[in-house]
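First comes the structure, then the notes that go with it.
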Amino acid sequence: MDKFVITGNKKLAGEIKISGAKNAILPIMTATLLTSGKSELINVPQLIDIKMMAHVLRVIGARVELEKNVMSIETEHASFYEAPYELVSKMRASIYVLGPLLARFGKARVSFPGGCAIGTRPVDLHLKAMEQIGAKIEIEHGYINASCAKLQGTTIRFAKTSVGATANTLMAAVLAEGTTDIFNAAREPEIGSLIDFLNNMGAKIKGRDTSHLIVRGVKELHPTTQKMIPDRIETGTFLLAAAITKSKIKISNCFPQNNQALLDRLKQTGCELVIDKEDITIFPTNVIKPVDIVTYPFPDFPTDLQAQFMALMTIADGESRIEDTIFPERYMHVAELNRLQAKISVQNHVASVKGVKELSGADVMATDLRASAALVLAGLAAKGKTTISRIYHIDRGYDRIEQKLQRLGADIKRIKG
Ligand code: UD1
């Protein structure tokens, strides 16, 4: 297993280009199953999760190629309606095949996703919505067996806002008979980008960026080509890398409006930001003011940046409180950050972070994707050497992060395991 070795306490400088958004690309990949033919996704990075989803689609019978950041997906021969345990257990996002398979074939068999490092992560909202739209759902031998004669438009009110359940419901509803009203839908930019893709395929979805989506079912869809949106979590991670190393950097190819909650908090820490249409330049502050965060669905502070923001708060001038209301158990990084001499304690699902003068390098272990990013940030700021093991987690969702950081002047090396 590969490791990162970071010699920290060095300033970064320069410009970094943001890659396509993993969490937008994964559901869009499965949306191509809704029709027969060749779709093209532009601006797709080489990430383990994306390769894994390509594998899921190949098992279903699609032809998937990724060359120079352009992914082509040919779905003419897709006919196997199953996502097996071996794949779903490695990547929860495989659940995104449920809606498209049901809509196209009237059948889907998807292994029931288990828990993961960030919590229990149920799929009850996905299943309830599929039932409401006319599917019969049975759970058998660890598999979700879904079937329907024809999906029927209906009204769905989500008890909780869920990115995944909104995406799956949209992908089922686009080919249903009649109109589906979705209330309390997720408003994340990745959902907006899925709506654009589906509408480009010929779907009729209204209400983009609002919590009430109206889907008028159509008889059939057609393949399409679309450029993938920039990754707002990668954008946020690099902004926080600049802040924690007290460096000025320019982040280009990003959509600043998708990071508003983070940008507001960064300004509160004392950093200055110059925001343009598709780039952000961050000017650091020497004294980082402590800022509290609570994660909520978009447009509020994203859970996927909670760990990285906590890394910054470890060297703030005072105490901050961090609460994750999306995944209340998502604090696996706390113990590892404390190994770098951070002072964090968690009580009743709230982390209190007492800022220290400096972090000190140590051996730590990556536990999940965003936790690993937090450790990289902490390692960049810490005095001395930090070795991070199990970095396959970070390769799932960041496009060659060490190469991008090296280009900014960081001393980070990958040691092949
Ligand atoms: C997606 C993202 C993930 C991000 C999360 C929240 C992808 C591949 N993953 O995950 O990176 O952290 O959004 O922004 O895009 N819930 C239920 N029942 C369900 C579904 C969800 O109770 O059936 C709960 C979850 O436990 C959580 C909340 O709803 O508390 C939000 O989860 P959700 O938005 O569904 O997250 P994912 O789609 O799994």
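Details
- The range 287-331: number of residues that are more than 20 Å from the chain's Cα centre (by Cα) and within 13 Å of the ligand (Cβ to nearest atom): 0
- The residues of the range 14-49 that are under 19 Å from the mean Cα position of the chain (by Cα), over 15 Å from Gln226 (Cβ atoms) and of a type in the set (Val, Ile, Thr), listed by number, are Ile18, Ile48.
- Condition check for Lys11 on (1) outside the structural domain of Gly384 (by TED's automatic domain parsing); (2) away from the ligand (no atom under 13 Å from the Cβ); (3) of a type outside the set (A, V, I, L, M, F, W, C); (4) farther than 17 Å from Met228 by Cβ: one failure, at (1).
- Matching residues in the range 332-344 - criterion: being hydrophobic (A, V, I, L, M, F, W, C) and away from the ligand (no atom under 16 Å from the Cβ): Val334, Ala335, Leu337, Leu340, Ala342, Ile344
- Pairs with Cβ under 8 Å, 6+ apart, first in the range 113-132 and assigned by TED's automatic domain parsing to the domain that holds Ser89, second within 6 Å of the ligand (Cβ to nearest atom) and aliphatic (A, V, I, L, M): Pro113/Val123; Val123/Ala165; Leu125/Ala165; His126/Ala165; Ala129/Ala165
- Qualifying position, being open to solvent by less than 10 Å² (accessible area, probe 1.4 Å), on the phi < 0 side of the Ramachandran plot and of a type in the set (Ser, Thr, Tyr), among Ser72, Ser94: Ser94
- Filter pass, Thr210 being surrounded by 18 or more Cβ atoms within 10 Å (Cβ to Cβ), touching a residue at least 24 places away in the same chain (Cβ under 8 Å) and of a type in the set (Ser, Thr, Tyr): no
- Yes/no for Glu272 being more than 30 Å from Glu358 (Cβ to Cβ), more than 16 Å from the ligand (Cβ to nearest atom) and either more than 18 Å from the chain's Cα centre (by Cα) or open to solvent by less than 70 Å² (accessible area, probe 1.4 Å) (or both): no
- Flag for Asp395 being at pLDDT below 95 and either in a loop (DSSP other than H, G, I, E, B) or more than 16 Å from the ligand (Cβ to nearest atom) (or both): no
- The listed residue being among the hydrophobic types (A, V, I, L, M, F, W, C) and surrounded by 23 or more Cβ atoms within 10 Å (Cβ to Cβ), out of Ala173, Ala149: Ala173
- Total residues in the range 98-127 satisfying the condition of being at pLDDT 95 or above, closer than 30 Å to Glu76 by Cβ and touching a Lys or Arg at 6+ places or on another chain (Cβ under 8 Å): the figure is 2.
- Residues of the range 5-19 satisfying the condition of being open to solvent by less than 30 Å² (accessible area, probe 1.4 Å), of a type outside the set (A, V, I, L, M) and more than 17 Å from Asp399 (Cβ to Cβ): Gly8
- Where Ala185 falls short, out of the listed (1) within 13 Å of the ligand (Cβ to nearest atom); (2) part of a helix (DSSP H, G or I); (3) of a type in the set (A, V, I, L, M): (2)
- Evaluation of Asn199 against (1) surrounded by 23 or more Cβ atoms within 10 Å (Cβ to Cβ); (2) part of a helix (DSSP H, G or I) (one fails), failing number: (1)
- Inside the range 14-27, residues that are within 11 Å of the ligand (Cβ to nearest atom) and among the aliphatic types (A, V, I, L, M) make up a count of 4.
- Residues located in the range 152-170, provided they are in contact with a Leu (Cβ under 7 Å, 6 or more places away or on another chain) and surrounded by 24 or more Cβ atoms within 10 Å (Cβ to Cβ): Ala165, Ala167, Asn168, Leu170
- Residue check for Asn43: modelled with pLDDT of 95 or more, open to solvent by 50 Å² or more (accessible area, probe 1.4 Å) and away from the ligand (no atom under 16 Å from the Cβ): no
- The range 268-286 residues that are aliphatic (A, V, I, L, M), paired with ones that are in a loop (DSSP other than H, G, I, E, B) and open to solvent by 20 Å² or more (accessible area, probe 1.4 Å) (beta carbon under 8 Å, 6 or more apart): none
- Count of the range 49-62 residues which are assigned to a helix (DSSP H, G or I) and more than 13 Å from the ligand (Cβ to nearest atom): 7
The values are calculated or read from the model by the stated rules, or taken from the named source; none is laboratory data. Everything numeric in this text was worked out from a predicted model, so none of it was measured. Glycine gets a Cβ as well: all are built from the backbone with ideal geometry, and neighbour counts include every protein chain shown. Surface accessibility is based on the protein's heavy atoms, side chains included, excluding ligands, DNA and RNA. Shrake-Rupley method; radii C 1.70, N 1.55, O 1.52, S 1.80 Å.
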